[in-house]
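Novice: I'd like to ask you about the structure that follows.
The values are calculated or read from the model by the stated rules, or taken from the named source; none is laboratory data. Since the structure is predicted, the reported quantities are computational estimates derived from the model, not experimental observations. Every residue, glycine as well, gets a Cβ built from its backbone with ideal geometry; the counts of neighbours run over all protein chains shown. In case anyone asks, the SASA skips ligands and DNA or RNA and just uses the protein heavy atoms, side chains included. Shrake-Rupley method; radii C 1.70, N 1.55, O 1.52, S 1.80 Å.
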Amino acid sequence: MEARRPVFEIEGLHIDYATELGVLHAVRDVSLAVREHESFGLVGESGSGKSTLAMGAIRYLASNGRVTEGSVRLNGVDLLSLSGKELRELWGSRIGVVYQSPLSALNPSIVIGKQLAEVAQQHLGMDRAAAVGRVTEMLTKVAMPDPEAVMKRYPHQLSGGMLQRCVIAMALMTDPSLLIMDEPTTALDVTTQAVVLDLVADLKRESDSAILYITHDLGVITKICDRVGVMYAGEFMEQADLYELFKRPRHPYTLDLLGCVPRFDPTPQKRSLVTIPGAIPRVDELPHGCIFGPRCGFVEEACKAARPPLAEVAADHLSACRRWADVPPPAQYLREATEAVRTDVEGTRPDVLVAADRTRVHFKSTRRLIRGRAARPIRAVDGVDLEVRVGQTLGVVGESGSGKTTVARAIIGLTPATGGEITLHGKPLPPSTGKRPRATLREIQMVFQNPDASLNPTRSVGDAIMRPLTLLGGLSRQEARKQSKDLLRAVSLPVSYFERLPHELSGGEKQRVAIARAFAAEPELILCDEPISSLDVSVQGSLMNLLMKLQVEKQTSYVFISHDLSAVQHLSDAIAVVYLGHVMEIGDATRVLTPPFHPYTEALLSAVPLADPDIVQKPIRLGGSVPSAMDVPSGCRFHPRCPRFLGDICVEQEPPWREGEGDHRIYCHIPLDELTRLQAETLVLAGAEAGA
């Protein structure tokens with residue numbers, strides 16, 4: 001078989017930034033090659049230099065950044081020798097870029113069709129009519145539903161998945177030779193992410209483009225990449241074929257990253273994840289010898305004396321580690337490096353702490369009249385039944401718009417329930433926080449997805465943690481100050497952080513402060529709303545370990561909300577699957593994640609990108625997105641998207657609750673034994689990975 005030609009080649013690249021502190025050597029001596037129909041994955045923690053490498057290679061840097069050494073070739077053309085005008089023409093015609101946030105690439109004041117048509121007119125020389133035809137063609141190619149209607153809409157009128165498809169269509173408009181994708185699915189829920197990844201995989205097969213894919217999600221890498229480069233502090237630690245890298249990594253950093261990823265495990269025993277101590281060093285404060293040495297569990301004195309070069313250790317496998325031969329297989333390392341954090345004891349059933357009974361949260365529509373009639377209410381939460389037990393975690397999963405966060409806000413009283421009942425220790429809770437006594441406010445706390453939105457930028461970390469201690473705990477400032485420092489230690493932050501302001505902390509450190517503050521009032525329940533979704537895999541692992549450790553020590557209960565099913569499975573004792581304001585399946589975590597599944601749960605599980613190239617998942621892709629809560633479908637509200645749709649009964653009748661083993665319940669017209677039979681051919685994630 002003839003080797004595919006290299007499309008994009010980087011050799012010995014060095015990138016510097018001129019700053020007030022001097023010249024920072026952000027990327028040093030990096031080389032890689034991407035061939036036709038190939039996708040090269042760039043992985044590593046934030047600050048590794050992944051985006052700087054990609055943007056620097058195409059000379060798309062800030063004004064204080066420049067390439068100082070090396071060469072970059074695209075189809076044999078030296079990009080470093082081009083003039084500014086030639087480079088701008090190349091950016092639009094031969095290089096496409098898809099960013100993490102699609103809104104950053106789209107003008108909010110111009111309709112989608114016009115924005116995309118401008119690309120075709122500018123770089124393909126098309127007239128208006130031809131450009132519109134090209135836009136329709138490209139939107140159809142990226143599987144956009146109703147392209148003609150989408151072209152007439154503004155960006156704010158589209159969902160996140162639709163926006164990302166528009167940006168991909170824009171990037172592919174000119175059939176580029178190189179497509180750079182920088183965390184394009186990080187902000188998407190699991191089903192939308194799966195559709196976008198399927199699209200990228202199809203594009204890789206159909207086009208001659210080379211793809212440079214940047215991410216910190218190792219599960220995503222297994223879906224679309226052929227080769228992978230692991231970056232750390234501006235250098236490559238390892239490069240290898242995808243399968244070889246995941247099955248036999250030859251650098252401790254790669255091994256640790258793989259150990260940070262939660263894996264599906266059908267046993268009730270909860271185990272810790274691998275954590276990487278410390279943080280990536282600043283590029284102007286690199287250690288002597290191996291730059292990963294201060295965080296490495298395999299380091300020895302010789303590692304500190306000289307920096308190991310990136311060298312071939314096996315066929316087409318490069319590693320920058322002098323002890324590469326001692327790096328064990330991931331499965332062996334995980335057994336040795338992790339420990340049991342919590343084991344559920346069979347036969348015991350903790351008391352119910354918080355219960356939601358037929359809970360509803362309906363909002364009035366801002367539109368007063370629709371066709372002369374009053375607008376229907378927005379049924380964000382529509383009859384939810386949940387139980388959170390003492391010292392346990394209830395995981396709540398579902399797509400964006402399913403009502404997960406609104407349920408949590410109703411429990412804590414930030415968004416008052418409009419119907420049903422929420423109880424704490426069997427006693428009804430007033431709907432809003434303003435009507436709840438201080439003792440009740442103390443019992444339920446919340447950790448939000450974005451810590452910046454809940455930390456006052458003008459007040460110190462210490463003040464943020466002291467506030468609930470003085471307001472809810474009744475402590476003096478002196479007592480609160482002492483306890484705040486103890487809480488900082490409990491979340492593995494130095495006491496010196498007490499006086500720091502939020503902007504002086506990393507994202508993971510801010511989230512640790514938010515967790516410390518939530519625990520300050522010694523609550524019985526903490527609501528965790530997507531607390532790790534935007535963080536690096538290494539920070540996610542350490543925070544999940546922290547949450548499990550604190551739960552064991554404090555016997556605190558959690559409601560853990562996420563669209564990351566791997567994380568939910570890793571932390572949860574019970575799981576509720578929510579769709580359009582209603583629970584579709586609920587029960588013990590092990591039973592919810594093994595057949596029979598509700599068809600919605602089945603689709604969610606099939607969309608989870610697993611960090612194991614051995615596992616082949618049977619794809620179940622849901623059409624469209626979650627409908628509007630103002631227009632809930634009749635019968636089973638999931639029927640318009642259901643892969644197991646039965647016909648009129650699903651459209652006309654509410655499903656019954658099917659009772660499974662233990663407390664496992666499924667809201668579906670299909671009997672459980674029939675669901676089990678239908679799902680026999682579908683990969684059971686928990687069992688498959690455990691037996692792999």
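Novice: Does region 498-506 include one or more residues that are in a helix (DSSP H, G or I) and open to solvent by less than 40 Å² (accessible area, probe 1.4 Å)? Walk me through how you get there before you give the answer.
Specialist: Going residue by residue through region 498-506, those that are in a helix (DSSP H, G or I) are 498-499, 502-504.
Retained after the next criterion (residues that are open to solvent by less than 40 Å² (accessible area, probe 1.4 Å)): 498, 502.
Checked against the condition, which is being in a helix (DSSP H, G or I) and open to solvent by less than 40 Å² (accessible area, probe 1.4 Å), region 498-506 yields at least one hit.
Novice: Taking the stated definitions as given, is residue 536 in contact with an Asp or Glu (Cβ under 6 Å, 6 or more places away or on another chain), within 22 Å of residue 262 (Cα to Cα) and of a type outside the set (Lys, Arg)?
Specialist: Values: in contact with an Asp or Glu (Cβ under 6 Å, 6 or more places away or on another chain): yes; within 22 Å of residue 262 (Cα to Cα): yes; of a type outside the set (Lys, Arg): yes.
So residue 536 fits the description; yes.
Listed here are the residues, each with its yes/no results for (1) assigned to a loop (DSSP other than H, G, I, E, B); (2) closer than 21 Å to residue 53 by Cα; (3) modelled with pLDDT of 85 or more.
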| residue | (1), (2), (3) |
| --- | --- |
| 123 | no, no, yes |
| 167 | no, no, yes |
| 175 | yes, no, yes |
| 187 | yes, no, no |
| 196 | no, no, no |
| 208 | yes, no, no |
| 212 | no, yes, yes |
| 219 | no, no, yes |
| 223 | no, no, yes |
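Novice: Can you say whether residue 482 is part of a helix (DSSP H, G or I) and more than 21 Å from the chain's Cα centre (by Cα), as far as the supplied structure shows? Don't jump to the end; show me each part of the working.
Specialist: Working: part of a helix (DSSP H, G or I): yes; more than 21 Å from the chain's Cα centre (by Cα): yes.
Here the answer is yes, as residue 482 does meet what is asked.
Novice: Can you pull out the residues in region 269-312 that are under 30 Å from residue 566 (Cβ atoms), open to solvent by less than 50 Å² (accessible area, probe 1.4 Å) and assigned to a strand (DSSP E or B)?
Specialist: The one that is under 30 Å from residue 566 (Cβ atoms), open to solvent by less than 50 Å² (accessible area, probe 1.4 Å) and assigned to a strand (DSSP E or B): 270.
Novice: For region 399-423, enumerate the residues that are over 17 Å from residue 529 (Cα atoms) and of a type in the set (Gly, Ala, Ser).
Specialist: Of everything in region 399-423, those that are over 17 Å from residue 529 (Cα atoms) and of a type in the set (Gly, Ala, Ser) turn out to be 417, 419, 420.
Novice: Could you run through region 140-159 and say how many residues are of a type outside the set (Gly, Ala, Ser) and outside any helix (DSSP H, G or I)?
Specialist: Within region 140-159, the first condition is being of a type outside the set (Gly, Ala, Ser), and the residues that meet it are 140-142, 144-148, 150-158.
Now restrict to residues that are outside any helix (DSSP H, G or I): 142, 144-146, 152-154, 158.
Total meeting the criteria: 8.
Novice: Tell me which residues, restricted to region 78-99, are part of a loop (DSSP other than H, G, I, E, B) and buried (at least 17 other Cβ atoms within 10 Å of the Cβ).
Specialist: Here is the first cut: in region 78-99, the ones part of a loop (DSSP other than H, G, I, E, B) are 82-83, 94, 99.
Matches in region 78-99: 94, 99.
Novice: Six or more apart or on different chains, Cβ atoms under 7 Å: show the pairs whose first residue is in region 335-349 and in a loop (DSSP other than H, G, I, E, B) and whose second is modelled with pLDDT of 75 or more and open to solvent by less than 50 Å² (accessible area, probe 1.4 Å).
Specialist: Within 7 Å, the pairs are 338/272; 338/273; 338/274; 339/272; 344/573.
Novice: While we're looking at this one, here's another question. Going by what's in this entry, would residue 287 be described as out of contact with any Phe, Trp or Tyr (no Cβ under 6 Å at 6 or more places or on another chain), within 21 Å of residue 27 (Cβ to Cβ) and not small (Gly, Ala, Ser)? Working first, answer last.
Specialist: Details: out of contact with any Phe, Trp or Tyr (no Cβ under 6 Å at 6 or more places or on another chain): yes; within 21 Å of residue 27 (Cβ to Cβ): yes; not small (Gly, Ala, Ser): yes.
The answer is yes for residue 287.
Novice: Of the residues 162, 181, which is part of a strand (DSSP E or B), buried (at least 19 other Cβ atoms within 10 Å of the Cβ) and under 22 Å from the mean Cα position of the chain (by Cα)?
Specialist: Values: 162 fails: part of a strand (DSSP E or B).
One residue alone meets the criteria, 181.
Novice: I've got another one for you. Say whether the condition of being charged (D, E, K, R) and under 27 Å from the mean Cα position of the chain (by Cα) is met by at least one residue in region 499-508.
Specialist: From region 499-508, those charged (D, E, K, R) are 499-500, 504; that's our starting set.
Those left that are additionally under 27 Å from the mean Cα position of the chain (by Cα): 504.
So far as region 499-508 goes, yes, one or more of its residues are charged (D, E, K, R) and under 27 Å from the mean Cα position of the chain (by Cα).
Novice: Given the structure, is residue 553 under 29 Å from residue 254 (Cα atoms) and of a type in the set (Asp, Glu)?
Specialist: On the way: under 29 Å from residue 254 (Cα atoms): no; of a type in the set (Asp, Glu): yes.
No: the conditions fail for residue 553.
Novice: Only one of 294, 249 is more than 23 Å from the chain's Cα centre (by Cα) and closer than 27 Å to residue 533 by Cβ. Can you tell me which? Before the answer, list the steps.
Specialist: Details: 294 fails: closer than 27 Å to residue 533 by Cβ.
Just a single option satisfies the conditions, and that option is 249.
Novice: Within region 635-658, how many residues are crowded, with 20+ Cβ neighbours inside 10 Å, over 17 Å from residue 578 (Cα atoms) and not basic (Lys, Arg)?
Specialist: Total meeting the criteria: 1.
Novice: Does region 464-479 hold any residues that are surrounded by fewer than 19 Cβ atoms within 10 Å (Cβ to Cβ) and part of a helix (DSSP H, G or I), and which are they?
Specialist: 467, 470, 471, 477, 478, 479
Novice: Hey, another quick one. When residue 573 is evaluated against the numbered criteria (1) over 23 Å from the mean Cα position of the chain (by Cα); (2) closer than 28 Å to residue 441 by Cα; (3) of a type in the set (Asp, Glu), which criterion, by number, is the only one it fails?
Specialist: Only one criterion is unmet by residue 573, namely (1).
Novice: While we're on this one: Mind checking whether some residue in region 660-678 is open to solvent by 60 Å² or more (accessible area, probe 1.4 Å), modelled with pLDDT of 95 or more and not in a helix (DSSP H, G or I)?
Specialist: Checked region 660-678: at least one residue is open to solvent by 60 Å² or more (accessible area, probe 1.4 Å), modelled with pLDDT of 95 or more and not in a helix (DSSP H, G or I).
Novice: Within region 510-532, does at least one residue satisfy the condition of being farther than 17 Å from residue 446 by Cα, open to solvent by less than 20 Å² (accessible area, probe 1.4 Å) and assigned to a helix (DSSP H, G or I)? I'd like the intermediate steps shown before the answer.
Specialist: So in region 510-532, the residues farther than 17 Å from residue 446 by Cα come out as none.
Taking every residue of region 510-532 in turn, none turns out to be farther than 17 Å from residue 446 by Cα, open to solvent by less than 20 Å² (accessible area, probe 1.4 Å) and assigned to a helix (DSSP H, G or I).
Novice: Could you list, in sequence order, the residues of region 503-548 that are farther than 18 Å from residue 279 by Cβ and of a type in the set (S, T, N, Q)?
Specialist: If the condition is that a residue be farther than 18 Å from residue 279 by Cβ and of a type in the set (S, T, N, Q), then 533 is the only one that fits.
Condition check ((1) acidic (Asp, Glu); (2) under 26 Å from residue 187 (Cβ atoms)) across all residues:
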position: 256; (1), (2): yes, yes
position: 261; (1), (2): no, yes
position: 279; (1), (2): no, yes
position: 282; (1), (2): no, no
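Novice: Only one of 447, 461, 388, 396 is over 23 Å from residue 574 (Cα atoms) and open to solvent by less than 10 Å² (accessible area, probe 1.4 Å). Can you tell me which?
Specialist: Numbers: 447 fails: over 23 Å from residue 574 (Cα atoms); 388 fails: over 23 Å from residue 574 (Cα atoms); 396 fails: over 23 Å from residue 574 (Cα atoms).
The conditions single out 461.
Novice: Now a separate question. Return the residues of region 49-77 that are surrounded by 18 or more Cβ atoms within 10 Å (Cβ to Cβ), of a type in the set (A, V, I, L, M, F, W, C) and over 31 Å from the mean Cα position of the chain (by Cα); say none if nothing qualifies.
Specialist: 67, 72, 74, listed by residue number.
Novice: Let me ask another. (1) assigned to a helix (DSSP H, G or I); (2) of a type in the set (Asp, Glu); (3) under 24 Å from residue 225 (Cβ atoms): which one isn't true of residue 45, the others all being true?
Specialist: In the conditions (1) assigned to a helix (DSSP H, G or I); (2) of a type in the set (Asp, Glu); (3) under 24 Å from residue 225 (Cβ atoms), residue 45 misses (1) alone.
Novice: Go through region 527-537 and count every residue that is at pLDDT 85 or above and at negative phi. Let's see the steps before the verdict.
Specialist: Let us first name the residues in region 527-537 that are at pLDDT 85 or above, namely 527-531.
Retained after the next criterion (residues that are at negative phi): 527-529, 531.
The qualifying residues number 4.
Novice: Restricting to region 20-30, name every residue that is part of a strand (DSSP E or B) and open to solvent by 50 Å² or more (accessible area, probe 1.4 Å).
Specialist: Here is the first cut: in region 20-30, the ones part of a strand (DSSP E or B) are 22-30.
Those that are part of a strand (DSSP E or B) and open to solvent by 50 Å² or more (accessible area, probe 1.4 Å): 23, 25, 29.
Novice: Next question, about the same structure. Among 125, 133, which is free of Cβ contacts under 8 Å to residues at least 24 places away in the same chain, more than 29 Å from the chain's Cα centre (by Cα) and on the phi > 0 side of the Ramachandran plot?
Specialist: On the way: 133 fails: on the phi > 0 side of the Ramachandran plot.
Of 125, 133, the one residue that is free of Cβ contacts under 8 Å to residues at least 24 places away in the same chain, more than 29 Å from the chain's Cα centre (by Cα) and on the phi > 0 side of the Ramachandran plot is 125.
Novice: Considering only residues that are surrounded by fewer than 24 Cβ atoms within 10 Å (Cβ to Cβ) and of a type in the set (Ser, Thr, Tyr), which ones fall in region 193-214?
Specialist: 207, the sole residue that qualifies.
Novice: Out of 632, 608, 626, I need the residue that is among the hydrophobic types (A, V, I, L, M, F, W, C), open to solvent by less than 30 Å² (accessible area, probe 1.4 Å) and closer than 21 Å to residue 394 by Cα. Which one? First the steps, then the outcome.
Specialist: Values: 632 fails: closer than 21 Å to residue 394 by Cα; 626 fails: closer than 21 Å to residue 394 by Cα.
Step by step, each of 632, 608, 626 is checked, and only 608 is among the hydrophobic types (A, V, I, L, M, F, W, C), open to solvent by less than 30 Å² (accessible area, probe 1.4 Å) and closer than 21 Å to residue 394 by Cα.
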